[in-house]
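Novice: Mind having a look at this structure? Questions to follow.
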Amino acid sequence: MENLDEEALEYIQFLYMEEALDSAEVVDPDDEPWECTACNEIHTGAGLQDLGCGCNFCVPCLESWVKVVLDTEAKYPMSCCDRIPDGLIMALISKDLEDQFRQKLIEYKTPGVDRIYCCKKHCSTFIDQSNIGKTIARCPACEAETCLGCRMEAHYGGCIKDEETQQLLDMASPRGWKPCYMCGTLVERLDGCNHMTYELTPGLAQ
């Protein structure tokens, strides 16, 4: 799909959303009151119903859920009894939230090792391919430039070699320590599964 032009991709996404919408039902305003599965409140009027598993959601609850997903990657993909298609979600939320969700999908679907984030600690915004050049990436939020080599602030000449850091990495390898896929901090798995999630702490990112 990487070879498809933008118009073709948009058309494919449109067809996908149409198919996803066909699998959902919308409560008619004249129907009996219905209960939201998330908030357990009784609603009257139009609302989202049956995502393919028989559960009902009111739009405010669905949008609150999406906002949680925007902040926590571990909550993606969204699923109730079954996974909810991304196209269906975007078709049912506000345009502003849809734009945020669409942008976040680009980040979540980019392998961790390939992600570029703004070098500024107070920003750390994800930088997509449209803002990445041959050697630097420009942050769409603060316009700071990040070096693709060392992930630090863009600079002239080669990246500065840090001998102490390299010695630490050489020592970490046989011990099974690995750098975080987001901020580069060395981490060690003590127990649990091999899946790791990252939560941004203001002032500590990159």
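Novice: Is there any pair with a first residue in region 130-152 that is over 15 Å from Val113 (Cα atoms) and a second that is small (Gly, Ala, Ser) and not in a loop (DSSP other than H, G, I, E, B) whose Cβ atoms are under 8 Å apart and which are 6 or more apart or on different chains, and what are they?
Specialist: So the pair list comes out as Asn131/Ala137; Glu145/Ala137; Thr146/Ala137.
Novice: Within region 85-94, is even one residue without any contact (Cβ under 8 Å) to a residue 24 or more places away in the chain, in a helix (DSSP H, G or I) and within 17 Å of the chain's Cα centre (by Cα)?
Specialist: yes
Novice: Could you tell me whether any residue of region 55-66 is assigned to a loop (DSSP other than H, G, I, E, B) and either surrounded by 15 or more Cβ atoms within 10 Å (Cβ to Cβ) or modelled with pLDDT of 90 or more (or both)?
Specialist: yes
Novice: What number of residues within region 23-50 are outside any loop (DSSP other than H, G, I, E, B), modelled with pLDDT of 80 or more and of a type in the set (A, V, I, L, M)?
Specialist: Of the residues in region 23-50, 1 are outside any loop (DSSP other than H, G, I, E, B), modelled with pLDDT of 80 or more and of a type in the set (A, V, I, L, M).
The values are calculated or read from the model by the stated rules, or taken from the named source; none is laboratory data. What you see is a predicted model, and the numbers here were worked out from it, not measured in a lab. Quick reminder, even Gly has a Cβ in these numbers, built from the backbone with ideal geometry, and neighbours come from all protein chains shown.
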